[in-house]
Amino acid sequence: MKRLPIYLMTAVLATTFSAANAGDVDALMKGCNDCHGPGGVSTSSDVPSLAGFPEFVHSDALYMYRDNERPCAESKYRHGDTSRPAISMCGVAAKLSDDDIDALAAAYAELPYVKMKQDFDATLAAAGKAIHDEHCDKCHSEAGTNPDDEAGMMGGQPMGYLRSSFKEFAADARSQPKKMKEKFDMLSEADLEALAHYYGSIQ
């Protein structure tokens, strides 16, 4: 299993991952859930949910983090807990074996996808829907919530995470399929903000 994208994990994770056996998926997931939320359902505005994420997309992201092929912003445990050391997803993924990555991706793919309840601007969401329908729906169907697409899950993800991901794509800091880049390069900052509100409105 290899190659595509996803974002941030945890702080104590580093020790959890180094101690866990590849077959001990529960221990591996516990480390992830410390940051990504109970059962992989995020409660943070800038951390994505992992539950229900397509297996290929998830494993590909972890391989890319491990190979330093994706931006790895440094993050505090639970975003601001200074009693925990800062850590990046590249540091976390560096401790994962191929078996660990594949086991994690398969386990999270079996869980139900839960959309975040969050505030959004209805006018911007309506504009974002039109942009999605024109540029994104072919690969990200059902408002970006269909795991069968084997593409990033967007509808119902935290809006802070969506904004940071869009920013990375816009800066060419994160790889994209050629067809996606062609579409993405057509979008303005205002378009991307509207998309964030549209996906945030999927609840």
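The values are calculated or read from the model by the stated rules, or taken from the named source; none is laboratory data. Just so we're clear, the structure is a prediction, and the values are computed from it rather than from any experiment. Cβ atoms come from the backbone with ideal geometry, glycine included; neighbour counts cover every protein chain shown.
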* Here is a list of conditions, (1) of a type in the set (D, E, K, R); (2) at pLDDT 95 or above; (3) within 18 Å of the chain's Cα centre (by Cα), and Asp172 meets all of them except one; can you say which number that is? -> (2)
* Asked: For the stretch 30-53, how many residues are in a helix (DSSP H, G or I), within 12 Å of the chain's Cα centre (by Cα) and at positive phi?
  -> 1
* **Of all residues in the stretch 17-47 being of a type in the set (Val, Ile, Thr) and more than 16 Å from Leu62 (Cα to Cα), the one that is modelled with the lowest pLDDT** => Thr43
* Asked: helices (runs of 4 or more DSSP H) wholly in the stretch 120-203 with at least 2 residues that are buried (at least 18 other Cβ atoms within 10 Å of the Cβ) - which ones?
  -> 122-131, 141-144, 159-170, 189-201
* Within the stretch 54-77, count every residue that is part of a loop (DSSP other than H, G, I, E, B) and at pLDDT 95 or above. => 1
* Which of (1) at pLDDT 95 or above; (2) in the same structural domain as Pro38 (by TED's automatic domain parsing) is the odd one out, the single condition Ala126 does not satisfy? -> (2)
* **Among the candidates Gly91, Gly144, Gly155, Gly160, residue that is within 24 Å of Tyr65 (Cα to Cα) and touching a Lys or Arg at 6+ places or on another chain (Cβ under 7 Å)** => Gly155
* Identity of the residue in the stretch 78-99, surrounded by fewer than 21 Cβ atoms within 10 Å (Cβ to Cβ) and modelled with pLDDT of 85 or more, that ends up nearest to Ser164 (Cα to Cα) -> Cys90
